[in-house]
1. For the stretch 161-187, give me the residue count where each residue is of a type outside the set (Ser, Thr, Tyr), within 19 Å of Asp108 (Cβ to Cβ) and either in a strand (DSSP E or B) or without any contact (Cβ under 8 Å) to a residue 60 or more places away in the chain (or both).
2. Residues to consider are Ile286, Ile262, Ile257, Ile279; find the one that is touching a Gly at 6+ places or on another chain (Cβ under 9 Å) and among the hydrophobic types (A, V, I, L, M, F, W, C).
3. Could you please find all residues in the stretch 41-79 being exposed (fewer than 13 other Cβ atoms within 10 Å of the Cβ) and in contact with a strand residue (DSSP E or B) (Cβ under 9 Å, 6 or more places away or on another chain)?
4. Mind listing just one residue for me: the one in the stretch 234-287 that is touching a residue at least 12 places away in the same chain (Cβ under 8 Å), within 30 Å of Leu87 (Cβ to Cβ) and among the charged types (D, E, K, R) and, of those, surrounded by the fewest Cβ atoms within 10 Å (Cβ to Cβ)?
5. Inside the stretch 15-29, can you point out the residues that are more than 17 Å from Glu238 (Cα to Cα) and crowded, with 18+ Cβ neighbours inside 10 Å?
6. Output the residues belonging to the stretch 1-24 that are at pLDDT 85 or above and out of contact with any Leu (no Cβ under 8 Å at 6 or more places or on another chain).
7. Determine which single condition Leu215 fails, assuming it passes every other condition in (1) modelled with pLDDT under 85; (2) among the hydrophobic types (A, V, I, L, M, F, W, C); (3) surrounded by fewer than 12 Cβ atoms within 10 Å (Cβ to Cβ); (4) outside any loop (DSSP other than H, G, I, E, B).
Amino acid sequence: MASMKDIKRRKESIQSTGQITKAMKLVSTVKFQKARSRVENARPYFDAMYAAVSEMLSKSANIEHRYLKGSESLPKAVIVITANRGLAGGYNSNVIKLVSSWGKTKKDMAVYAVGTKGRDYFAGRGYYVAQDYSEVINEPLYSDAMKIGRRVLDDFEDGKIGEIYLAYTEFKNTVVHEPKLIKLLPVTAEDTAPQIAEAFGGMQVTYEPSEEEVLDFIIPQYINSLIYGALMESAASENGARMTAMDNASNNAEDIISELTIKYNRARQGTITQELTEIIAGANAIS
């Protein structure tokens with residue numbers, strides 16, 4: 001049985017950990033509220049952008065344009081959005097698991113990492129990390145999305161990659177976050193979600209002033225917007241997951257402290273009883 005000193009030392013250690021987790025929960029709560037507000041305000045725009053442009057591009061497959069002709073023989077670019085820190089439940093591991101179980105070999109993938117957790121995982125297992133944008137996830141800006149979008153489009157044009165995918169965590173609510181892997185380019189009718197195809201099935205695509213000029217303008221905007229939307233969704237999901245994880249950790253710490261307090265009191269009562277017994281025994285021996 002542990003001594004009173006050992007119990008007291010462990011209790012103090014748990015109390016210190018509990019104070020840290022409570023502080024981390026408060027910080028995550030503030031960040032989460034800010035990120036959630038940004039997501040909820042911007043989501044309708046990004047959803048509409050994805051629906052309209054992906055369906056438009058799927059109907060433009062017969063157009064000769066450098067952004068619409070991919071190659072299955074070239075590596076597939078995957079923009080993987082994770083966090084720079086842990087202690088967020090399954091947030092990081094869920095995205096990593098989604099990408100690693102995709103069924104593509106290491107030679108078939110080029111990882112564009114946003115977040116050190118994803119970068120370190122794939123780099124440590126021999127995947128090619130084409131670019132690291134880990135600093136972006138701390139305070140994502142649209143200019144950051146533009147920088148990432150420009151790089152993947154340049155690599156797509158230069159023939160370094162044949163397709164572009166985006167792996168991120170979609171924010172549902174405080175406790176529900178869904179990892180997603182979506183295809184950005186090239187988009188075909190088969191890649192378009194059924195509900196999008198149904199909503200835009202009768203749409204006739206007319207380009208003015210010309211197909212090339214319109215696609216040159218709209219495709220980078222489309223890529224940048226979806227990357228920025230994914231960054232905001234991921235930031236809200238990360239802070240929501242960390243807030244929940246730290247809340248659970250704080251509750252567990254309180255439960256452990258309660259158990260240790262009971263054990264300490266029992267040990268203390270046992271010590272007092274033993275001392276009284278020894279005093280009484282000593283008194284009886286004298287008399």
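1. Of the stretch 161-187, the ones of a type outside the set (Ser, Thr, Tyr) are 161-164, 166-167, 170-173, 175-187.
Still in the running and within 19 Å of Asp108 (Cβ to Cβ): 161-164, 166-167, 181-186.
Pick out the ones that are also either in a strand (DSSP E or B) or without any contact (Cβ under 8 Å) to a residue 60 or more places away in the chain (or both) and you get 163-164, 166-167, 181-185.
Matching residues across the stretch 161-187 total 9.
2. Numbers: Ile286 fails: touching a Gly at 6+ places or on another chain (Cβ under 9 Å); Ile262 fails: touching a Gly at 6+ places or on another chain (Cβ under 9 Å); Ile279 fails: touching a Gly at 6+ places or on another chain (Cβ under 9 Å).
Selected residue: Ile257, the only one of Ile286, Ile262, Ile257, Ile279 that is touching a Gly at 6+ places or on another chain (Cβ under 9 Å) and among the hydrophobic types (A, V, I, L, M, F, W, C).
3. Glu72
4. If we take residues in the stretch 234-287 being touching a residue at least 12 places away in the same chain (Cβ under 8 Å), within 30 Å of Leu87 (Cβ to Cβ) and among the charged types (D, E, K, R), then Glu254 is surrounded by the fewest Cβ atoms within 10 Å (Cβ to Cβ).
5. Gly18
6. Within the stretch 1-24, Arg9, Glu12, Ser13, Gln15, Ser16, Thr17, Gly18, Gln19, Ile20, Thr21, Lys22, Ala23 qualify.
7. Condition not satisfied by Leu215: (3).
The values are calculated or read from the model by the stated rules, or taken from the named source; none is laboratory data. Since the structure is predicted, the reported quantities are computational estimates derived from the model, not experimental observations. When we count neighbours, we look across all protein chains shown, and the Cβ atoms used for this are built from the backbone with ideal geometry, even at glycine.
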